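Report on the following structure.
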Amino acid sequence: MERKYQVVVIGAGHAGCEAALASARMGLKTIVITLNVDSIARMPCNPAIGGIAKGQMVREIDAMGGEMGWITDHAGLQFKILNSSRGPAVWSPRAQCDKELYSVLMSKSLQNQSNLDILQSEATSLIVKNRKICGVKILTGQTIETEAVIVTTGTFLKGTIHLGKMYFEGGRFNERSASYLSKSLAEDAGLKLARFKTTTTPRINTLSIDYSKMTEQLGDEKPKPFSHFTEVESWRKNLKQLSCWLTYTNPTTHKIVGDNLGLSSIDIGKVNSKSPRYCPAIEEKIERYPEKTSHHIFVEPEGYNTNEVYLNGLYTGLPFDLQQQMINSIAGLENARVIRYGYAIEYDYSSPLQITKSLETKTCQNLFLSGQINGTTGYEEAASQGFVAGVNAALKILGKDPLILKRNESYIGILIDDITTRGMDEPYRMFTSRAEYRLSIRNDNADLRLIDIGHSIGLISDKAYKKFELYRNTLKDIYNNDTNNIPADQDLSPWSLEKAKEEVYIYKKYEGYIEIQDKMVNKMKKNEDKKIPADFDYTKIDSLSAETKQRFMQVRPQTIGQASRVHAIKPSDIAIITIHLEKQKKERNQKISEKHNS
Ligand SMILES: Cc1cc2nc3c(=O)[nH]c(=O)nc-3n(C[C@H](O)[C@H](O)[C@H](O)COP(=O)(O)OP(=O)(O)OC[C@H]3O[C@@H](n4cnc5c(N)ncnc54)[C@H](O)[C@@H]3O)c2cc1C
């Protein structure tokens, strides 16, 4: 095998797969190194893709030429638009997936991709010269020379699995952790690492469930695919949807958990690092909301060819026997037999205040980080960052400007702006409430917002783009009631006349509000785009407090817009910086004109 690549991706989880595919498809010779090729794009937690705000991100990745949406369409076993009783702005697609099939299909995509090699090994250290990455060392001692590295190590860096009082090393259950790379990230790349934790639920055998005591949850009658490029009609014909089920915890469940909080690995003192507030363990829910006597448990199939069923809502770090008791206290699960127990995992992450919006580290050139290593949680958050890091590593090597997505054009832009500007003290996940422009960044119009970008970076083919332009013109005709131009047999596939009509309907519904929003965006655009030089010296501005200077120096905002969102920054701080930038600009212009006149 050749030992020289333009881009090395460490890890083939959800971030690593998107990163590797984007880089290779942009023509860069890429290798993805991963601990276990049998676990590529594995879903260690919920067997589902999408959901509130996450579904929007999958559609955005897809519109720019990423993979997650397409794979989900072909591995999904139930499709649903969440929030469908509310306005289209918050409609969020979600799919239960056959998790084995998802992993197999993503592996195939990587294997079939030209310019891309896959290597099963452990990356043990980075080779850095003059604060620039130039290689990666692997466990067997070989060195891979490279121009850029994307680290996507998920929950594996110094991963520790906790199960009740028991704990042991592991990146996920039955998978070893990566024990060497943390040291190199700190010592060679200059990154500070910290610890987060997360939990997962037990899996049980479907044959041991009494579904008559539960409420059936069906998929949508007319399911919609995630990918803009999936041919809807033939896809619907081939799709065989499975049901999910709903049951509830009860006072007996709560007593079992409440009486044994001290035995859980979630208990304070055992796992000290913070877990995601929005996916709390059952122990945390019972401690936080003592007044509640029941919580939802969604019972979800994990695949077409397995009896394993996922208990969504029952994340836990309790010991084995208590997990079994807790499960058997729930209606329909009285005789449930556990196949895999739930557990908690603790791992190293790197504060994203140490990366720029292109996801490149501030301390080491051409080193990019994406996914769970940046403190986020979730497959979609990871895949979004992986895609952006893959594109930006490629653009950097090609000598082009980075792809920086804006808050008003995508959820992915919001995610990256949030984490690189504000950092976090608990794992970050996306919500629609984080999006100030959510009326215009909907799941239905991800193509209209982002396909031009995908085409310009070479990830959307000319053929697909031509079809899209035809669709975009059709939208204009429908909007103007000028439908005589549209031939009855016009082939818009994979888009369709049905989709075009729905799109115009949604746009017209929000048109007035969107106009007001656009005015606001234009007003803010001036600040949003006003650049702050990377070497701007905050220490020389006496009127900024010491604390403000420190915050700005830590984040190093790239624009005035970003500076205004740094934690605890006041409008007066922004005014001061703006005045200084203007002053600097005037002085620079004066010098140029003096030089010119002399
Ligand atoms: C127990 C558990 C519970 C979870 N609970 C939730 C939850 O409640 N909600 C939620 O949204 N998400 C949850 N997740 C997180 C979800 O799995 C991740 O957010 C997502 O998978 C992150 O994707 P990633 O690509 O960053 O990393 P991962 O999917 O973890 O992939 C990392 C990849 O890197 C490889 N790797 C690591 N180190 C090295 C190395 N040194 N050399 C070579 N290869 C390496 C691994 O083999 C793996 O392929 C949970 C995960 C686990 C394990």
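The values are calculated or read from the model by the stated rules, or taken from the named source; none is laboratory data. Predicted, not measured: the structure shown is a model, and the values here were computed from it. Cβ atoms come from the backbone with ideal geometry, glycine included; neighbour counts cover every protein chain shown.
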Please work out which residue is farthest from Arg59 (Cα to Cα), limiting yourself to the range 77-100 and to residues that are under 18 Å from the mean Cα position of the chain (by Cα) and of a type in the set (Gly, Ala, Ser). Ala95
The one condition in (1) of a type outside the set (A, V, I, L, M, F, W, C); (2) under 26 Å from Tyr180 (Cβ atoms); (3) outside any strand (DSSP E or B) that Glu426 fails to fulfil: (2)
Counting residues that are closer than 25 Å to Ile416 by Cβ and modelled with pLDDT of 85 or more, which helices (runs of 4 or more DSSP H) fully inside the range 494-577 reach at least 3? 546-555, 560-564
Buried (at least 24 other Cβ atoms within 10 Å of the Cβ), away from the ligand (no atom under 14 Å from the Cβ) and of a type in the set (S, T, N, Q): is that true of Asn392 in this structure? yes
With the range 1-62 as the region, which strands (runs of 3 or more DSSP E) entirely inside it contain at least 2 residues that are charged (D, E, K, R) and surrounded by fewer than 24 Cβ atoms within 10 Å (Cβ to Cβ)? none
Please go through the range 562-598 and pick out each residue that is touching a residue at least 40 places away in the same chain (Cβ under 8 Å) and loosely packed, with under 12 Cβ neighbours inside 10 Å. His567
Of everything in the range 39-62 that's within 11 Å of the ligand (Cβ to nearest atom) and β-branched (Val, Ile, Thr), which residue is farthest from Trp91 (Cα to Cα)? Ile40
Taking only the range 96-134 into account, find how many residues are part of a strand (DSSP E or B) and free of Cβ contacts under 8 Å to residues at least 12 places away in the same chain. 1
Among Arg172, Arg176, Arg195, the single one that is near the ligand (Cβ under 8 Å from one of its atoms), on the phi < 0 side of the Ramachandran plot and outside the structural domain of Gly390 (by TED's automatic domain parsing) is Arg172
Hey, can you tell me all the residues within the range 220-248 that are in contact (Cβ under 8 Å) with a residue 60 or more places away in the chain, basic (Lys, Arg) and out of contact with any strand residue (DSSP E or B) (no Cβ under 7 Å at 6 or more places or on another chain)? Lys240
Could you tell me which residue of the range 358-382 is surrounded by the most Cβ atoms within 10 Å (Cβ to Cβ), considering only residues that are more than 8 Å from the ligand (Cβ to nearest atom) and assigned to a strand (DSSP E or B)? Phe368
